[in-house]
Amino acid sequence: MLRIAQTLEAQLRVAMERAFPQAAEALADGHGFDPQLAPASKPEFGDFQANGALPLAKPLGQPPRAIAAAIVDQLQGQAAFTELCLEPQIAGPGFINLTLRPERLAEQVQARLGDPRLGVPPVQGAAPVVVDFSSPNIAKEMHVGHLRSTIIGDSLARVLEFRGHPVLRLNHVGDWGTQFGMLITHLKQVAPEALSTADAVDLGDLVAFYRQAKARFDDDEAFQTTSREEVVKLQGGDPVSRQAWQLLCDQSRREFQKIYDRLAIRLSERGESFYNPYLEAVVADLDTSGLLVTDDGARCVFLEGVSGKDGKALPVIVQKSDGGFNYATTDLAAIRYRFAATPEGDGARRAIYVTDAGQANHFAGVFQVARRAGWLPDGARLEHVPFGLVQGEDGKKLKTRAGDTVRLRDLLDEAVERAEADLRRRLAEEGRSEEEAFIQQVATTVGLAAVKYADLSQNRITNYQFSFDRMLALQGNTAPYLLYAVVRIAGIARKGGDLAGGEAADGPLTFTEPQEWALVRELLRFDAVIAEVEEELLPNRLCTYLFELSQVFNRFYDQVPVLKAEPAARPSRLALCRLTADTLKLGLGLLGIPTLERM
């Protein structure tokens, strides 16, 4: 009902201006009246509630109810308003409750039945948006910590793409820096074949070698020196070092892609190494702008409004005292490149970084430097999307029994295995016989959907406890519950219900039962929810909506006959079933979750 809300807001503004013409310019610092229109807090209050009369009491010197009455008088003088709404009701100290006419609601449902966008308008004047997510490190396996960034970033990219934004999905992999000097130096001594032959060791072994290299680097000064020399060779383009680096990157990249394919994630890799040629320009640009300060040999930018424990401004180090660069330099180069409207730039107007909450201070500092350097065009948005930890059911960071970080591959395997076991048990209880291909398809879809939805349905800012039992349950706010709602509607078609729209094509839709109207109103919220997710970058808003929609539909289906309805009511009820299925499928698709016809 996003467009209806916009129409109502405009009508309310006109009514307020006509009711109090002498105050229109003086109010709200010259910005005019604010109707404060919002969805009604309870169904009995109608569809919308306008609270704009209350803050006008003091400047106008009148009681809020008198102000509300004057606004209502003007509203009822607008023919367009009376065609849209029933008579407004004044409640409490001066709230104006607005109820849409039933025929207008039915028209909205009818319009969405033939609309693949389900009433969600495409964005006007779309500009490129960068979504930076996933970002694993080369020579390390993806673990449960990468789960949240990967699926949160993917869902946000899907919503933005659906709205019509050109989205650049970037995987800022860790493929550069000191760790490669350590690893190459260590491999030269213990497994030289890994530096000249593709896949000479598997990724699990590479991870073990990396840990060994890190331990040596921390304890052995000679090894440190050799490792740093190796980094210089790599950065200088030494062919042997470059070949070794490329082999390590290619091997990791193939393993990452297996996870992405499994989760249906699309990404364009642009690692830290991509920005290496632009690092000197970052330093020069900051120096020219007068932001760069040399402090104890390092070149840095001191932050405004951010102090350490000693009360002194904290620095963002851009170039270390030894001349080397760090993560902050690379991130600054990335911002500069992403917002640059040049052949060597992405021309973005919004950049979204999906990383764990522990990096919030880092990005706050880097973002401030980029803004002060003038790298962001007018109106551009630079946003950090933080998320909390994945915890075990004991409330601690999710680990294996051996205390290691859980590999993402293993977690997904277990989700599918548990979904398969649940399905086989249910089939046995129901006495159903299904082909093996069906069992594998359903188990894979449900298992992966359960993992994704359990994560996305949480407010991303908080930690959440990972529980296979909860996420695979057929009841509650889970993927299986939502998938089953789609399956239930598909069952209506299998039993002879026309969900293709033919039965409803001959005349207007008509609804008489409270359960029908509750479902109508819930279905028409979809466009506003998508707009919220686009703006606030909180996928759990969409999850909550889909769960509530499923609940409202199930109450409707349980309490109101559909297939056995009277001939006059049956087409309209089937239309509600069809629109519910379309909305659930589209909504789940924006979360990266495919649906099933049978389970």
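The values are calculated or read from the model by the stated rules, or taken from the named source; none is laboratory data. Please read all numbers here as calculations on a predicted model, not as lab measurements. Heads up, the Cβs are rebuilt from the backbone with ideal geometry, glycines too, and the neighbour counts pull from every protein chain shown. We work out accessible area using only protein heavy atoms, side chains counted, and drop any ligands, DNA or RNA first. Shrake-Rupley method; radii C 1.70, N 1.55, O 1.52, S 1.80 Å.
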Can we say Glu534 is assigned to a helix (DSSP H, G or I), open to solvent by 10 Å² or more (accessible area, probe 1.4 Å) and either more than 23 Å from Ala449 (Cβ to Cβ) or among the acidic types (Asp, Glu) (or both)?
yes
When region 546-599 is examined, which residues are found to be open to solvent by 50 Å² or more (accessible area, probe 1.4 Å), closer than 15 Å to Glu513 by Cβ, in a loop (DSSP other than H, G, I, E, B) and touching a residue at least 24 places away in the same chain (Cβ under 8 Å)?
Ala568
Could you tell me how many of the residues in region 107-129 are open to solvent by less than 40 Å² (accessible area, probe 1.4 Å) and either under 25 Å from Glu255 (Cβ atoms) or among the small types (Gly, Ala, Ser) (or both)?
2
Residue under evaluation Thr197, criteria (1) open to solvent by 10 Å² or more (accessible area, probe 1.4 Å); (2) within 30 Å of Glu535 (Cα to Cα), criterion not met:
(2)
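Yes or no, residue by residue, for (1) of a type in the set (Val, Ile, Thr); (2) modelled with pLDDT of 95 or more:
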site	(1), (2)
Ala493	no, no
Asp498	no, no
Glu503	no, no
Val520	yes, yes
Leu524	no, yes
Leu537	no, yes
Leu542	no, yes
Leu579	no, yes
Considering only region 455-474, I want to know if a residue exists there that is more than 23 Å from Gly145 (Cβ to Cβ) and assigned to a helix (DSSP H, G or I).
no
Quick test for you: out of Ala334, Ala328, Ala244, Ala284, pick the one residue that is open to solvent by 50 Å² or more (accessible area, probe 1.4 Å) and in a helix (DSSP H, G or I).
Ala284
Qualifying positions in region 362-388 - aliphatic (A, V, I, L, M) and crowded, with 18+ Cβ neighbours inside 10 Å:
Val366, Val369, Ala370, Ala373, Leu376, Leu382, Val385
Those residues of region 177-226 which are among the acidic types (Asp, Glu) and assigned to a loop (DSSP other than H, G, I, E, B) amount to Asp199, Asp202, Asp220
Filter result (more than 22 Å from the chain's Cα centre (by Cα) and either polar (S, T, N, Q) or open to solvent by 50 Å² or more (accessible area, probe 1.4 Å) (or both)) within region 264-281
Ser273, Phe274, Asn276, Pro277, Glu280
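Residue-wise test of (1) modelled with pLDDT of 95 or more; (2) under 38 Å from the mean Cα position of the chain (by Cα); (3) basic (Lys, Arg); (4) more than 16 Å from Ile4 (Cα to Cα).
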| site | (1), (2), (3), (4) |
| --- | --- |
| Phe20 | no, no, no, yes |
| Ala23 | no, no, no, yes |
| Ala26 | no, no, no, yes |
| Glu44 | no, yes, no, yes |
| Ala53 | no, yes, no, yes |
| Leu56 | no, yes, no, yes |
| Cys85 | yes, yes, no, no |
| Pro88 | yes, yes, no, no |
Failed condition for Phe217, given (1) at pLDDT 90 or above; (2) open to solvent by 80 Å² or more (accessible area, probe 1.4 Å); (3) within 40 Å of the chain's Cα centre (by Cα); (4) more than 13 Å from Ala139 (Cβ to Cβ), with all others met?
(2)
Quick one: which helices (runs of 4 or more DSSP H) sit completely within region 1-104 and have at least 1 residues that are β-branched (Val, Ile, Thr), touching a residue at least 40 places away in the same chain (Cβ under 8 Å) and under 22 Å from Arg525 (Cα atoms)?
2-19
As an exercise: evaluate Ser467 against (1) open to solvent by less than 50 Å² (accessible area, probe 1.4 Å); (2) under 24 Å from Arg3 (Cα atoms); (3) polar (S, T, N, Q) and give the number of the one condition it does not meet.
(2)
Residues located in region 337-357, provided they are surrounded by 16 or more Cβ atoms within 10 Å (Cβ to Cβ) and within 18 Å of Asp285 (Cα to Cα)
Tyr337, Arg338, Phe339, Ala340
